[in-house]
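The values are calculated or read from the model by the stated rules, or taken from the named source; none is laboratory data. Remember, it's a predicted structure, so these values are computed and weren't measured experimentally. Cβ placement follows ideal geometry from the backbone for every residue including glycine, while neighbour counts extend to all protein chains displayed. We work out accessible area using only protein heavy atoms, side chains counted, and drop any ligands, DNA or RNA first. Shrake-Rupley method; radii C 1.70, N 1.55, O 1.52, S 1.80 Å.
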Amino acid sequence: MPLPPMMESSPTMAKEMVVRHHLLPGPRRTAHNMSSSSLRKRSDASLVQKVPCTALRALLANLNEVLLGTKLFLLFPAVLLAVAATFLHFGQVWVFVLSLIGLVPLAERLSFLTEQIAFYTGPTVGGLLNATFGNVTEVIIALFALRDGKIQVVKCSLLGSILSNLLLVLGTSLFLGGVANLGAGQPYDRKQADVNTGLLILGVLCHWLPLMLSIVMLLAYLAYLFFQLKTHRQIFEPQEVEEDDDDLVVSEDEPVLRFSSAMIWLALMTLVTALLSEYVVSTIEAASESWELSVSFISIILLPIVGNAAEHAGAVIFALKNKLDITLGVSLGSATQISMFVVPLSVVVAWTMGIPMDLDFNLLETGSLFLAILVTAFTLQEGESHYLKGLLLLLCYAVIGVCFFVIRRRADDNNDGVHLDVGVASSSTNTDAS
C-alpha cells in the first residue's frame with residue numbers, strides 16, 4: 001500500500017502507523033462527516049513531490065493537505081486579516097466581520113482533523129471526538145462570553161444555533177432538494193428524526209421548568225451517545241453515495257496525516273478558533289452599535305448562520321442529491337448536540353466560574369424553541385419530503401427572526417426613551433432649583 005507523502009520522512013514510523021491502521025477499523029462515516037466531506041477537494045501534490053529535500057517535502061505535503069484540501073481555502077486569508085485588523089486598529093466592526101469569515105474554514109478543518117485521528121483511535125473514540133468537536137465553535141464562543149460576563153450572548157447564540165439548524169438549514173435543504181427533485185420521491189428514515197426530536201423536547205422542557213436540570217440533560221446526552229455509537233448505530237448510518245456521485249464526497253480509505261501531525265494540527269486549529277472567537281465576543285457590541293442591531297438579534301441570527309456555514313452548505317448539497325438522511329443527520333444532530341450538551345455544559349462551567357447562569361430562557365426564546373421543535377417534528381412525521389415542507393420551515397424561521405428584531409428593537413427604543421426622560425427630568429429639576 002503506498003504511504004501518504006508526509007510519512008516518507010520516517011519509514012519506520014510510517015510502517016508502524018500503517019500496521020496500526022489495519023488493526024483498527026476505520027472511522028465510521030456519520031452524517032456530519034459526510035457533510036464536511038462534500039466541501040473537501042483532492043489536493044494536488046505533484047509540485048510538492050519535486051522538492052528534493054525529504055523533510056521540506058513532508059512539511060509542504062502536510063501544509064498542502066491541511067490548508068488546501070478544502071474548497072473553502074480562499075477564506076483562510078480572513079484569519080490573518082482579522083489578526084492584522086486587531087493589531088493595526090482598523091476598527092472593531094472589521095475585526096468582527098473578518099473573524100466570522102475566518103471561522104468558516106476552521107470549522108470544516110476541525111472536522112477533517114478529527115476524522116484523521118479516528119483512523120488511529122477506532123470508530124468509538126472517533127465518534128466521541130466528532131461529538132466533542134462537532135460544535136466546538138459554539139462552545140468556545142460561549143466560554144469567552146461567560147468569561148466576560150455576557151450571559152445573554154451565550155444564551156442567544158446557542159438558541160440561535162438550534163433554531164438555525166432546525167428551521168433555516170433543514171428548511172433550505174428540503175426546499176431546494178424538493179425543487180431539484182420535483183419529479184422524484186424524497187424518502188428518508190424517520191427513526192433518526194424521532195430520536196433527535198424526542199431529545200430536543202426534553203431539552204426545551206428543562207428550559208421551561210424553574211429548576212437546574214443541567215445534569216439531567218447531560219445524562220440524557222450520554223445515553224444518546226451510547227445509543228448512537230453502540231447499541232443502535234445502524235439508525236444513524238448515512239446513505240451510501242453512488243458511483244456517479246464520487247465528485248460529491250472525497251472518500252478516504254486511509255489517513256493522509258500521521259497521528260502526531262493530526263493532533264498538532266487539531267491543537268493549532270483549536271487555538272486559532274479560540275482566538276477568532278475571542279475577537280467575535282469582544283467586538284459584538286461595536287458591530288451592534290454600527291449596524292443599529294441589538295446584540296441579541298446578532299447572536300440569534302447572524303452568529304449561527306456564519307459560524308455553521310460550512311456544515312450547512314454540506315447539508316444543502318446532499319439534499320440536492322436527494323440524500324435526505326444525511327441532511328437530517330446534520331441538522332437534527334447538530335441541534336441535539338447543542339441543546340443537550342453545549343447548553344448544559346455552559347451552565348455547569350458558569351457554576352464553576354461563580355457566574356449566575358441557569359436554563360431559564362425568556363418567554364419569547366423558550367416559546368420560539370418549542371414551536372420550532374414542534375413544527376419540525378410534524379414536518380418530518382411522514383417519512384417523505386417535498387419543497388412545501390422546506391418552505392414552511394423557512395417561513396417559520398423568518399417569522400421568528402422578525403419577532404426578535406422588532407421586540408428587541410422596541411425594547412432598546414424604550415430604554416433610550418427612559419434615559420431621555422430621566423435626563424429631561426434632571427434638567428428641569430436643576431432649572432427649578434436655580
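Rolling a 1.4 Å probe over the protein chains gives Thr379 an accessible area of about 20 Å².
Leu80 to Leu205: FRET efficiency via 1/(1 + (r/R0)^6), r the Cβ-Cβ distance, R0 35 Å, to the nearest 0.05?
On the way: r = 45 Å, r/R0 = 1.28.
Working from the Cβ atoms, E equals 0.20.
Run the numbers for Leu271 and Leu391: contour at 0.36 nm per residue of separation, minus the present Cα-Cα distance, in nm.
Extra length available between Leu271 and Leu391 comes to 39.4 nm.
Ordering Leu75, Leu167 by accessible surface, largest first, gives Leu75, Leu167; the 1.4 Å probe counts only protein heavy atoms, with every chain in place. Projected label points at Ile305 and Glu289, each 7 Å from Cα along the beta carbon direction, are separated by 2.4 nanometres. Compute the distance from the alpha-carbon center of the stretch 91-122 to that of the stretch 263-281, in whole Å. Spelled out, the Cα-based centre of one part sits 8 Å from the other.
Between Phe370 and Phe226, the contour length at 0.36 nm per residue exceeds the alpha carbon distance by 49.3 nm. Using θ = phi - 60° and the Karplus curve 6.51 cos²θ - 1.76 cosθ + 1.60, what whole-Hz ³J(HN,Hα) does each residue of the stretch 309-318 get, with Gly and Pro shown as x? Per-residue couplings from phi come out as 4, 5, 5, 5, 4, x, 4, 5, 4, 6 Hz.
Within the shell defined by Cβ-Cβ distances under 13 Å, the residues around Ile355 carry a net charge of +1, with Lys and Arg each +1 and Asp and Glu each -1. Which FRET efficiency value, to the nearest 0.05, is calculated for Phe87 and Arg147 with the Förster distance at 22 angstrom and r the Cβ-Cβ distance? Efficiency, from the Cβ-Cβ distance: 0.55.
Taking other residues whose beta carbon is less than 14 angstrom from the beta carbon of Val343, and scoring Lys, Arg as +1 and Asp, Glu as -1, yields -3. Remark: accessible surface ordering of Met340, Met263 (largest first) is Met263, Met340, probe radius 1.4 Å. Amide H contacts of Thr70: Lys41, each under 5 Å away and 5 or more positions distant or on a separate chain (H built 1.01 Å from N in the peptide plane; Pro and chain starts excluded).
Would you mind calculating the gained length between Ile264 and Ile355 on full extension (0.36 nm times residue separation, minus the Cα-Cα distance), in nm to one decimal? Intermediate values should be presented prior to the final figure.
Working: separation 91, 0.36 × 91 = 32.76 nm, distance 3.26 nm.
Here the segment from Ile264 to Ile355 would lengthen by 29.5 nm.
Charge tally around Phe96: other residues with Cβ under 15 Å, Lys/Arg +1 each, Asp/Glu -1 each, net -4. For Lys321, Lys230, the ranking by accessible surface with the largest value first comes to Lys230, Lys321, using a 1.4 Å probe.
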